[in-house]
1. Mean Kyte-Doolittle hydropathy of 1.0 or higher plus an axial Cα length of 27 Å or more: which whole DSSP H helices in the chain meet both?
2. Could you tell me which chymotrypsin sites (Phe, Trp or Tyr not before Pro) in region 15-57 are loop residues by DSSP with no more than 14 other beta carbons within 10 angstrom of their beta carbon?
3. Take the Cα pairs of the chain, get the Kirkwood Rh, then feed it into Stokes-Einstein at 37 °C and 0.692 mPa s and tell me D in µm²/s.
4. Report the paramagnetic label zone for L385: residues of region 33-76 whose backbone N is under 14 Å from a point 7 Å from Cα along the Cα-to-Cβ axis.
5. Going by C-beta contacts inside 10 Å, put F342, F9 in order with the fewest on the left.
6. With the chain treated as a Gaussian network of Cα nodes joined by springs under 10 Å, which of A282, A307, A197 yields the largest mean-square fluctuation?
7. Which of the listed residues, F174, M244, G335, is farthest toward the dipole's positive end in the chain, when Lys, Arg count +1 and Asp, Glu count -1 at the beta-carbon?
8. Once label points are set 7 Å from the Cα along Cα→Cβ at both H302 and D185, what is their separation, rounded to one decimal in nm?
Amino acid sequence: MKITDIQTFVVGNPPPHFGGRYFVFLKLTTDSGINGYGEVYTATFGPHVIVQMIKDVFERRVLGTDPFKIEKLWRNVYGSGFTLRPDLSLVSVLSGIEIACWDIIGKDLGKPVYELLGGQVHEKLRSYTYLYPGEDEGVEFYQDADRSAERAAEYVETGFTAVKFDPAGPYSVFDPRQPGLVDIDRSVEFCAKIREAVGDRADLLFGTHGQFTPAGAIRLARQLEPYDPLWFEEPTPPDNTRGMARVARHTSIPIATGERLTTKYEFAQVLRDEAASILQLALGRVGGILEAKKIAGMAETHHAQIAPHLYCGPIEGAANIQISTCTPNFLILEGIQRWGGFHAEILKTPIQWEQGYVIPPTEPGIGVELDEDVALANPYQGRDLHLEMLDSPV
């Protein structure tokens, strides 16, 4: 079997844009007529530039190759251009291609990918969601502790056993910084009110975006400890694992990190420094499914857990589900609410969610099929990146 063709889709995510402004999908086709889908999760360049990167990598390293030879393909792309280091944009492109190869492999063998990577461990996967505003609410929702507490209680009533929120204030290209007293007070207010609303029915997942210095993160964490969050996410920038490890040593709250990291090499440093006990790998940028399995294996030797990150489209989400299903040290899976809305519309069959849990699919490959008609009917034509930070100090 040989890979013969590629097609890309830059899809605009309609309002309310939960999961980002756009998604970048790709489809590989083989000479035997089997198709495989992947998703590229990177925002370092505009999506149409990323498409050109995908096509360049495909023509140089993928066209005419055997999709079963994942390790060889991975090394050839990773070492392309004499880099041999974790290049986020290149590895994101590789991730989407690699996921599509596994989709092809599973379809050719008639098996879900998780059955090819050790077999099913979990019958269902615990999931969480951000606290998102309702249809009649705007961005002011994110500053309203009372409404967030109400929303958390609503989610818990539907079955969620964990909710995430990030009230610590805006983040900028000039971070890290010390949190202001108003940031600390707001964070404590959110934790107190959400904990009161959900009691012991749900874990609190406290998110930040690498905003603080180690000293500042420690100050904030001490104020949050009485509310027993399940994790304190990315308290320092992702490049400073020793600083993050300092935070971990000074708080009882588990540290989670990884959404901005790529490859086993960056995650190995997190584990060596004991910077985090929960790894939030995003399969559309970490290096793909096999790379995620390697990272999960390394984490297992450190008694750390994985909690795959999702703030993009449902093809990466489907890959996250495959790796979670076959990983003993899986903790929890991020979703966009209950995997409905546009995340369901763009798939031929939606991801199955029941009472707070995702049910792993039994279909071969990654278990989902992109609805190409919906993808083509929703092209992204903007210039903004998937996610952006403030360009002036907070």
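1. In the chain, the long hydrophobic H runs are 88-109.
2. Numbers: sites: F18, Y22, F23, F25, Y37, Y41, F45; in loops: F18, Y41, F45.
Passing sites in region 15-57 are F45.
3. Numbers: Rh = 21.1 Å.
Roughly 155 µm²/s, to the nearest whole number.
4. Residues 41-50 qualify, since their backbone N sits under 14 Å from the label point.
5. F342, F9
6. Of A282, A307, A197, the Gaussian network model singles out A197 as fluctuating most.
7. Of the listed residues, the answer is M244.
8. 3.8 nm
FYI, it's all coordinate maths here, none of it is from the lab. As the structure is a prediction and not an experimental result, all values here were calculated from the model. A quick note on method: Cβ atoms are made from the backbone with ideal geometry, for glycine too, and the neighbour counts reach across all protein chains shown.
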